[in-house]
Every structure is written in C-alpha cells, then in structure tokens.
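Heads up: the structure comes next, in structure tokens.
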Amino acid sequence: MTIDHPWLVVEFEQAEFLRYARGQTDRQTHRHVTRKIKDDLESEEETNDWKFAAMVVDRLCFWIFSLYLVGATIAIFTAPSLHKVTP
C-alpha cells in the first residue's frame, strides 16, 4: 500500500517499520510528517521567490540591453562622419 501525497510518497510498510523501530507513537510520527510537509512548503515558497527575483532581473537586463542595442544602431546610422564623401 502506498500513501500518495504531493510532497511525500512513503511506502506504508517502511513507515510502519521505521515507526516501531524507533519506538515512536502515532502522534510523534504524525508530528514528524507534518513538520516535514511544512518545511517542504516553506522551502518551495522560498525557491519560488528566488525564481521570481531571477526572472525580474533577467527581464530588466533584457530591456537594458535592447535599449542599448537600438541606441547604438541609431547612433551608427545617423553618425555624420559616415555620410561624408571624401574626395
């Protein structure tokens, strides 16, 4: 029998063996699993926050580079020294 949970997939027999091997009660096991799930959620939230920050910095760098590229292209094509015809 398998307990399917989005954050935790545990083989039922292994969980039972570990609980009795450690001498834990059902309540202690429940606390441990609950703590693990909460820690995983907090870790996932922190990871998502960092991913969002990276996306913002990436987009900011993209726009800065794009503006620089457009400005440099315009400067090159409108430079007066390029249009002068020397005899």
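The values are calculated or read from the model by the stated rules, or taken from the named source; none is laboratory data. Being a predicted model, the structure only gives us computed values, none of them experimental. No Cβ is skipped: glycine too gets one built from the backbone with ideal geometry, and neighbour counts run over all protein chains shown.
Return yes when residue 64 is aliphatic (A, V, I, L, M), within 29 Å of the chain's Cα centre (by Cα) and modelled with pLDDT under 95 and no when it is not. Spelling it out, it is not the case that residue 64 is aliphatic (A, V, I, L, M), within 29 Å of the chain's Cα centre (by Cα) and modelled with pLDDT under 95.
Looking at 18, 41, 82, 8, just one residue is touching a helix residue (DSSP H, G or I) at 6+ places or on another chain (Cβ under 7 Å) and at pLDDT below 85, and that residue is 8.
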